[in-house]
1. Count the lysine pairs in the range 9-148 that are 8 or more places apart or on different chains: how many have C-alpha atoms under 28 angstrom apart?
2. Pick out which of LEU70, LEU114, LEU19 has the largest mean-square fluctuation in a Gaussian network model of the chain, springs linking Cα atoms closer than 10 Å.
3. If you take every residue apart from GLY119 with its C-beta less than 11 Å away from the C-beta of GLY119, what net charge results, scoring Lys and Arg +1 and Asp and Glu -1?
4. Between ARG149 and ASN129, with labels modelled 7 Å along Cα→Cβ, what's the label distance in nm to one decimal, could you check?
5. Please report the antiparallel percentage of the DSSP beta bridges confined to the chain, to the nearest 5.
6. Compute, for the chain, the length of the dipole vector about the Cα centre, with Cβ point charges of +1 (Lys, Arg) and -1 (Asp, Glu) only. Units Debye, rounded to 20.
7. Heavy atoms only, probe 1.4 angstrom, no DNA, RNA or ligands counted: give me PHE54, PHE172 ranked by accessible area, highest first.
8. Taking the square root of 5 times each eigenvalue of the Cα gyration tensor, what semi-axes in Å does the equivalent ellipsoid of the range 14-142 have, largest first?
Amino acid sequence: LIEDTKLIVTSNTRLNKRLETANYDLGTLQLQLEHQRSAALTDPLTGLANRRAFDQTLAATTENAVADSLPLCLLMIDIDHFKVVNDTHGHVIGDKVLRYIAGVLRESVRGEDLVARYGGEEFAVVLLNTTSEGAKHVAEKIRSRIADRPLKQVNTGIAIGQVTVSLGLALFKKGETPEQFIERADRGLYTAKDQGRN
């Protein structure tokens, strides 16, 4: 009986160690999966949400705006004459400018709002529970913060000059699709470009 009890205790100890190892491995796999999921929704250059994350979030927030009868605004933002920055200073500096703009956008909104790199030098901001007046205030804050700070290369001191952005704003209308919502904000963006940029 004593020998059988010792065998059972030894067997249980081994089983507990196997379970601990399996739990550790499962936890590691869950962390890796979460990391991969996050990476799939993040723009690697700016650290902002990428286009996939933007599309998913916009679909969900437009549904919620209808269900909860809350205002929802969208800003489409494009860096003015960005090709000139790349052509004059190179793509490394262009990437730094993109990261700088991403930082300004991130700092200019609330934590629940979404800032995404829409593509190239274009960004999108989804402003939850925000009226068009509130969104205009955010848009002007973004525009002026960027325009009022001439940029220069940190390591060389060479001036990049004034970088500006143009913005389009749309307030979500019940019954429209996310694509129609984006199109209206885009029209505002191109109007801003046509009227002189910045």
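The values are calculated or read from the model by the stated rules, or taken from the named source; none is laboratory data. The structure displayed is predicted, hence computed values, not measured ones. Don't worry about glycine lacking a Cβ; one is built from the backbone with ideal geometry, like all the others, and counts go over all protein chains shown. Only protein heavy atoms, including side chains, enter the accessible area calculation; ligands, DNA and RNA are left aside. Shrake-Rupley method; radii C 1.70, N 1.55, O 1.52, S 1.80 Å.
1. Taking the range 9-148 as the scope, the lysine pair count is 5.
2. LEU19
3. Here the count lands on -2.
4. Computed distance between label sites ARG149 and ASN129 equals 2.8 nm.
5. 95
6. 420
7. PHE172, PHE54
8. Taking √(5λ) for each eigenvalue gives 35, 24, 11 Å, largest first.
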